[in-house]
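The values are calculated or read from the model by the stated rules, or taken from the named source; none is laboratory data. Here the structure is a predicted model, which means the values were calculated and not measured. Every residue, glycine as well, gets a Cβ built from its backbone with ideal geometry; the counts of neighbours run over all protein chains shown.
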């Protein structure tokens with residue numbers, strides 16, 4: 001737990017340095033600090049999932065921090081995923097309100113998803129060697145294999161195992177489904 005706290009503190013220091021840089025008009029420096037803060041906060045959040053009990057109040061803080069830092073770093077898709085994970089961990093009212101505010105901001109940024117291709121089902125397994133996940137849509141259809149192109153998804157996908165999800169994908173010429181986004185199904 002000490003390493004998680006140390007990582008989170010370092011991330012917050014970079015965030016503060018970024019705000020100072022922005023106040024001085026150094027936008028490039030701000031972006032560098034925010035990306036460093038997000039990277040470190042992500043490591044803290046991932047480690048907190050291992051080192052802390054799910055009902056530990058610190059875990060909600062780490063997950064909220066990484067959610068907002070992802071958003072500030074321009075990674076709204078990742079911010080949404082982190083926020084959804086954080087909301088699953090039964091945060092207190094303050095954390096919940098902050099995360100819902102973030103989700104509203106992210107939703108405003110997203111384009112209309114009605115034209116995107118989606119699969120709804122349960123994430124049943126991950127093949128880390130082949131960078132693929134398997135979604136079972138229902139009992140009548142075989143599971144659908146979806147390739148994972150982004151290393152970020154490999155870090156976050158385990159949180160969705162056994163959950164009902166919506167997977168947005170693109171399809172390559174060879175018929176391979178490529179993951180574009182994943183979220184908990186409504």
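Which residues, taken from segment 119-143, are buried (at least 16 other Cβ atoms within 10 Å of the Cβ), more than 19 Å from residue 42 (Cβ to Cβ) and touching a residue at least 24 places away in the same chain (Cβ under 8 Å)?
Across segment 119-143, the qualifying residues are 119, 121, 122, 123, 133, 135.
From the residues in segment 148-185 that are under 16 Å from residue 125 (Cα atoms) and modelled with pLDDT under 85, which one is surrounded by the most Cβ atoms within 10 Å (Cβ to Cβ)?
The extreme case among them is 153.
Can you find even one residue in segment 47-55 that is outside any helix (DSSP H, G or I) and out of contact with any helix residue (DSSP H, G or I) (no Cβ under 8 Å at 6 or more places or on another chain)?
Looking through segment 47-55, at least one residue is outside any helix (DSSP H, G or I) and out of contact with any helix residue (DSSP H, G or I) (no Cβ under 8 Å at 6 or more places or on another chain).
Can you name every residue in segment 76-105 that is in contact with a helix residue (DSSP H, G or I) (Cβ under 7 Å, 6 or more places away or on another chain) and in contact (Cβ under 8 Å) with a residue 60 or more places away in the chain?
78, 80, 81, 82, 85
Considering only residues that are more than 23 Å from residue 88 (Cβ to Cβ) and buried (at least 19 other Cβ atoms within 10 Å of the Cβ), which ones fall in segment 12-51?
14, 15, 18, 30, 33, 34, 36, 37
Is there a residue being touching a helix residue (DSSP H, G or I) at 6+ places or on another chain (Cβ under 7 Å), outside the structural domain of residue 159 (by TED's automatic domain parsing), outside any helix (DSSP H, G or I) and touching a residue at least 24 places away in the same chain (Cβ under 8 Å) anywhere in segment 6-20?
The answer is no; no qualifying residue exists.
Being at pLDDT below 85 and surrounded by 14 or more Cβ atoms within 10 Å (Cβ to Cβ) is the filter here, so list the residues in segment 90-112 that pass it.
Listed by number, the list holds a single entry, 91.
May I ask you to say which residue of 87, 123 is outside any strand (DSSP E or B) and at pLDDT 85 or above?
87
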